[in-house]
Amino acid sequence: MMKKINQSLSQPNDQLPPLLVLGYLKAHHITQDEVAEILGVNRTTVNRKLNNNGTFTVKEAQILNRKLRIPLQLFFSE
């Protein structure tokens, strides 16, 4: 059990950026449909990226930053 906990603590949390973006969208009442329209993709594509089954490109992050004021640091883990 302790080994499993230590492994999870030492591995980067790949889910953090999508969760931060999702939290920002919810807090600012921005729908996935709005994000999809801005990016020119299907809502399912946005949903997939927010549920950690894909990633936003740098270009997509820049567009969303410019149009929706989503901070760029939310898209990328440190």
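The values are calculated or read from the model by the stated rules, or taken from the named source; none is laboratory data. Predicted model, so just to flag it, every value in this text is computed and none were measured. Just the protein is used for accessible areas: all its heavy atoms, side chains included, with ligands, DNA and RNA removed. Shrake-Rupley method; radii C 1.70, N 1.55, O 1.52, S 1.80 Å.
Probe radius 1.4 Å, ligands and nucleic acids ignored: give me the carbon and sulfur share of the accessible area of segment 12-66 as a rounded percent. Carbon and sulfur together cover 50 percent of it.
If the segment from Val58 to Gln73 were pulled out straight at 0.36 nm per residue, it would be longer than the present Cα-Cα gap by 4.3 nm.
The amide H of Ile70, built 1.01 Å from its N in the peptide plane, has Asn65 as neighbours under 5 Å, considering only residues 5 or more places off or on other chains. Counting 0.36 nm for each residue step from Thr44 to Thr31 and taking away their Cα separation leaves a gain of 3.5 nm.
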